[in-house]
Amino acid sequence: MVDTPKQTQHHTSTRRIWHTPTSKSALYWCLFACIYCLVFYLLYFLLFRAPVFTGPWFDHVFRCGVMSYIMILVVAAYSLRTRLIRGLPWKAQSWVWMHTWLGIAALLLALLHADFRYILHGYCSILPCATDHYWAMPALYSLIFIVISGIIGRLIDKFQARTIARDASTNGVGIAKAIKVRLFELECLVERYCAGKSEAFKHYCILALGSVGRLPKRLPALLPDEHAYFQQVYTILEEHAHLARSLKKQNRAALIFRSWRFMHMALVPLALIIISYHAIMELLTEVLHIIR
């Protein structure tokens, strides 16, 4: 059996494809971050033949903390691209992948810089220890928070975007903006059907439009000449309820991501201040020897 052109058009309209192709920059930034970290780890473990966590050459590799901080500053430039300077080169998706992979690389270098202290050894439980070495432990934990929060955000974004795309491809209308337009059209149709009808007819329609995603189970007592009109408006109300459920689902998915983004953007500046204080003081004292 061959579908008619009308049926083919119907299938096309109800089964849409909502997909963003993965950028090649994801692979490029991943390779760059891996190679960048691998160089310092090989210097630490192989070339200098330093034992794990100790060794006479650790002071040389100690400067990888500077490289980690430079990568953190590059990662923070993503905020400039998204909010202030939108004319920067590359696509937004490329900046996202740079933000992700370089953030992970910065954390790996910071762990090497700290000799994996506070993670695998050298645990601290008292305040003087926590603020030692220019807030080293809070700086490391702040960077861990930023990276883990970013990874969780990427997973939330991917999952919720897939939820929205799946719903948009099956509801017959599309994304939330198109659903709102269609809901308004259906409400106008219901209002036309209600003109000149009984109070029971109007009351049921008002309750159906006001309820989110479900129709009242109790049908109204109608006049004999209103039954045909009610069957027609009931079909419209069913579509309205279906789209209302779809809109609620998409709005909930978007709200989850916005809530994470608000928390992430509210706490990241504080974490960057702590990291910057530690990095600048370590640079002035241990690398440039300006402060003794």
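The values are calculated or read from the model by the stated rules, or taken from the named source; none is laboratory data. These numbers were taken from a predicted model, which means no experiment stands behind them. Note that each Cβ is placed from the backbone with ideal geometry, even for glycine, and that neighbours are counted across all protein chains shown.
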Single residue of the range 42-63 satisfying the filter (out of contact with any Cys (no Cβ under 9 Å at 6 or more places or on another chain), surrounded by 14 or more Cβ atoms within 10 Å (Cβ to Cβ) and at pLDDT 60 or above) that is farthest from Ala114 (Cα to Cα): Phe45
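Does Ser211 meet the test of being surrounded by 14 or more Cβ atoms within 10 Å (Cβ to Cβ), over 16 Å from His240 (Cβ atoms) and either assigned by TED's automatic domain parsing to the domain that holds Ala244 or hydroxyl-bearing (Ser, Thr, Tyr) (or both)?
no
Taking the condition touching a residue at least 60 places away in the same chain (Cβ under 8 Å), hydroxyl-bearing (Ser, Thr, Tyr) and assigned to a helix (DSSP H, G or I), does Tyr204 pass? Give the steps one after another, and end with the answer.
Details: touching a residue at least 60 places away in the same chain (Cβ under 8 Å): no; hydroxyl-bearing (Ser, Thr, Tyr): yes; assigned to a helix (DSSP H, G or I): yes.
No.
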The one condition in (1) touching a His at 6+ places or on another chain (Cβ under 8 Å); (2) over 18 Å from Gly65 (Cβ atoms); (3) among the hydrophobic types (A, V, I, L, M, F, W, C) that Ala136 fails to fulfil: (2)
